[in-house]
Amino acid sequence: MTTNPYLVFQNGTVILPDRILPDGVVVCRDGRISEVGERRAMATASSASYIDAGGGFISPGFVDIHVHGGANADFMDGSEEAVVTVTRAHARHGTTTIFPTTTTGSPEQITAMLRSGQAVKQTDQVSNGARIGGVHFYGPYFAEEKVGCHLRSGRRDPDPDEYRRAFDLDIIRVATCAAELPGAEAFYREASRRGCLVTCGHSNASWTEMKRAFEAGMRHVDHFWCAMSSVPSIRARLGTPSQGSMEQFVLMHDEMSTEVIADGCHLAPELLEFAFVMKGPARLCLVTDANRALDMPPGDYRFGPKEDGEWFKSDGKVGFIPGGGLASSVVGLDTMVRNMAQLTSARAHEAVRMASLTPAERVGMDREVGSLDAGKRADVLVLSQEFEVKRVFMGGVEFAFG
């Protein structure tokens, strides 16, 4: 484990938000990035520890704003041990800032999840893996017909007493609610007032409902095309004439951002390309939405709380629920970046931006993390040319994979 406060990353291509820098150098001092530039223009010092990128990429650490579990643990298990198991698993895939994400569940289960995430966040140890940037309050406010792989009995309409108590813990940074639910607009206004990225997800909302949500502060839609409304689903719900859905609203409004699960199983390459071209790298986030089957062998697992979460099956590539629906992903952000770079027209720096700076901007952490800029935290990855994670540094300290 490298602990020298003076690090020099070299012999690689530096990935910047708007371009790549061949044969670049990233200098870090005392846990912060101090200089980024071309190798021939950078001074050297014998006191530095030199990190050889081996001709690969020198990248900012990834930021995952929508993630449930990994290594046979789920954040909804509600223990600090489970949290650390998941954060360590995702650090091995290049995630250095993570937003543990709730599922549906009882108020007690969600409170336990929030408190365990809060406790681990306060320890702030590199050995714990990816740093917790905050919690994504995702379940339980889903539309009944869009629950997906989440436990149906754990969904409910927004409860002001419940969500205000949750917000009072000061750990929530992303807040989701289906826009058509009674009380959704009050939830959005409260979440916006608390400084959250306000999102709509697991929803069958119409254009009109999305417009009201937007006016209340909603600016993001979870996993595009997954558990979201479409023109046919709105027609089935509200009749004719056909009305616009979440898809059209997001594509129409430049202020709206969204995310894709680029695991190669949820969305075909043409949909990944369409989302990238239509929203661009500054409004499209890559997320894992990963469950506890990440880094685990194929088999049966529970989604959400270990005691009563819905069962799903993993084939090692993706999760399935009975009946053939998908149950989130089982791979890390490194896979998502690699697929965007290989399956779409996104260039290397754009694929990485969608997994780093763009989510950091959406949650208001871009002054601290998300890119290799002077002054930011020294969260740096050494990647192969195929985007395989070789080494991970958080605050200038190397994370041990073992």
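Within region 117-155, list the residues whose amide N lies under 18 Å from a label point set 7 Å along Cα→Cβ of TRP311. Backbone N within reach: 149-153.
Using alpha carbons only, how many degrees (0 to 90, rounded to 10) separate the axis of helix 80-91 from the longest principal axis of the chain? Helix 80-91 and the main axis of the chain meet at about 60 degrees. Neighbour counts of other Cβ atoms within 10 Å put VAL330, VAL198 in the fewest-to-most order VAL198, VAL330. Neighbour counts of other Cβ atoms within 10 Å put PHE187, PHE399, PHE62, PHE214 in the fewest-to-most order PHE214, PHE399, PHE187, PHE62.
For SER384 and ALA119, a Förster radius of 35 Å and the Cβ-Cβ distance give a FRET efficiency of 0.50, rounded to the nearest 0.05. For region 62-362, the Kirkwood estimate of the hydrodynamic radius, built from every pair of different alpha carbons, is 18.7 Å. The angle between the Cα long axis of helix 269-279 and the longest principal axis of the Cα atoms of the chain comes to about 90 degrees, rounded to the nearest 10. In region 187-253, the alpha-carbon atoms span a convex hull of 78 Å³ per residue. Binning the C-alpha pair distances of region 222-341 at 5 Å intervals from 0 yields a P(r) profile of 2, 11, 18, 19, 17, 15, 11, 6, 1, 0 %, listed from the shortest bin outward. In plain terms, the bigger the Kirkwood radius, the slower the diffusion; for region 123-229, with that radius from Cα pairs, at 25 °C and 0.890 mPa s, Stokes-Einstein puts D at 173 µm²/s. Cross-link partners of LYS317 among aspartates and glutamates, defined as those whose alpha carbon lies under 16 angstrom from its own and excluding same-chain residues fewer than eight positions apart: ASP263, ASP289, ASP295, ASP300, ASP334.
Note on ARG367 and GLU145: their simple-model spin labels are 4.5 nm apart, each label 7 Å out from Cα toward Cβ. Per residue, the convex hull spanned by the Cα atoms of region 255-402 amounts to 144 cubic angstrom. Of all DSSP bridge pairs formed entirely within the chain, close to 55 percent run antiparallel.
For THR111 and ARG39, the FRET efficiency from 1/(1 + (r/R0)^6), where r spans their Cβ atoms and R0 equals 45 Å, is about 0.30.
Note on the chain: with charges restricted to the Cβ of Lys and Arg (+1) and Asp and Glu (-1), its dipole about the Cα centre is near 420 debye. Here the gap between ASP300 and GLU162, fully extended at 0.36 nm per residue and compared with their Cα-Cα distance, gives a gain of 46.5 nm. Shown is the FRET efficiency for ASP30 and ARG152, computed with R0 = 56 Å from the Cβ-Cβ distance and rounded to the nearest 0.05: 0.65.
Note on ARG237 and GLU255: the extension gain reaches 3.8 nm, defined as 0.36 nm multiplied by sequence separation minus the Cα-Cα distance.
Projection of the Cα convex hull of region 1-160, averaged over all directions and equal to a quarter of that hull's surface, yields 12.0 nm².
Throughout, read-outs are computed from the coordinates displayed, never taken from laboratory work. Quantities reported herein were computed from a predicted structural model and do not represent experimental measurements. Every residue, glycine among them, receives a Cβ derived from its backbone with ideal geometry; neighbour counts consider all protein chains shown.
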